[in-house]
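*Asks:* This is the structure I want to talk about, given as structure tokens.
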Amino acid sequence: KLSDEAGEEAVDSSKTVLTKEETDELTAWMRDNMGMQVKDVKVSDRYMTYPAIVVDFESPAVRRMMKMMAGNTDEPMPLSPCTVEINPRDPVISGLFALKGKDEELARKVAMQLLDNALIAAGLLDNPQSMLKRLNEILAATVN
């Protein structure tokens, strides 16, 4: 806990780390709510600056080659299911754990946004416009 200038204690959310039980509960919930795009959700043991990353995926180069062999259509290539690794030390992940108990619909949207963010970071999201509606819904829920 930190003290602010008025002497009141404030919680330093950047120091919140989920327990093993909480991460087990969250990874199972995320796996159940992320659909066919995700084959597994795990806690990462690597140093991460992101709340979540994707691993075990087809590289962007392989996906481009598959698209060329399929006739280079304008249709996006479907993603193979990937594994998501979460950072239990990230405030977004600890916030998601708390949110799923308060507003599960919004928590689902946040979880899917985390997946899309990880896919973008990996160079795998062919059409980022697909996430704009959800992102606007998250923003609206945040400011209302």
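*Asks:* For the pairs Lys39/Lys102; Lys20/Lys42; Lys42/Lys100; Lys42/Lys133, note any where the Cα-Cα span goes beyond 19 Å.
*Replies:* Lys39/Lys102; Lys42/Lys133
*Asks:* Taking H as built 1.01 Å from N, whose amide H comes closer than 5 Å to the amide H of Val41, not counting residues under 5 places away?
*Replies:* Excluding prolines and chain starts, which carry no amide H, the hits are Val84.
*Asks:* Output ³J(HN,Hα) for segment 138-144: one whole-Hz value per residue in order, computed from phi by the Karplus curve 6.51 cos²θ - 1.76 cosθ + 1.60 with θ = phi - 60°, and x for Gly and Pro.
*Replies:* Result, ordered by residue: 5, 5, 4, 5, 6, 8, 8 Hz.
*Asks:* Extension gain Ala140-Thr83, at 0.36 nm per residue separation less the Cα-Cα distance, in nm?
*Replies:* Between Ala140 and Thr83, full extension yields 17.6 nm more.
*Asks:* Could you order Glu25, Glu137 so the one with the most accessible surface comes first? Probe is 1.4 Å.
*Replies:* Glu25, Glu137
*Asks:* Moving on. Given a Förster distance of 22 Å, report the FRET efficiency between Ile120 and Asp56 from their Cβ-Cβ distance, rounded to the nearest 0.05.
*Replies:* Efficiency computed from Cβ-Cβ geometry: 0.80.
*Asks:* Now for a different question. What percentage of all Cα-Cα pairs in segment 90-144 are separated by more than 16 Å?
*Replies:* Pairs farther apart than 16 Å: 44 percent.
The values are calculated or read from the model by the stated rules, or taken from the named source; none is laboratory data. For clarity, every value in this text was computed on a predicted model and none was experimentally measured. Note that we place each Cβ from the backbone using ideal geometry, even for glycine, and neighbour counts take in every protein chain shown. All accessible areas refer to the heavy atoms of the entire protein, side chains included, with ligands and DNA or RNA removed. Shrake-Rupley method; radii C 1.70, N 1.55, O 1.52, S 1.80 Å.
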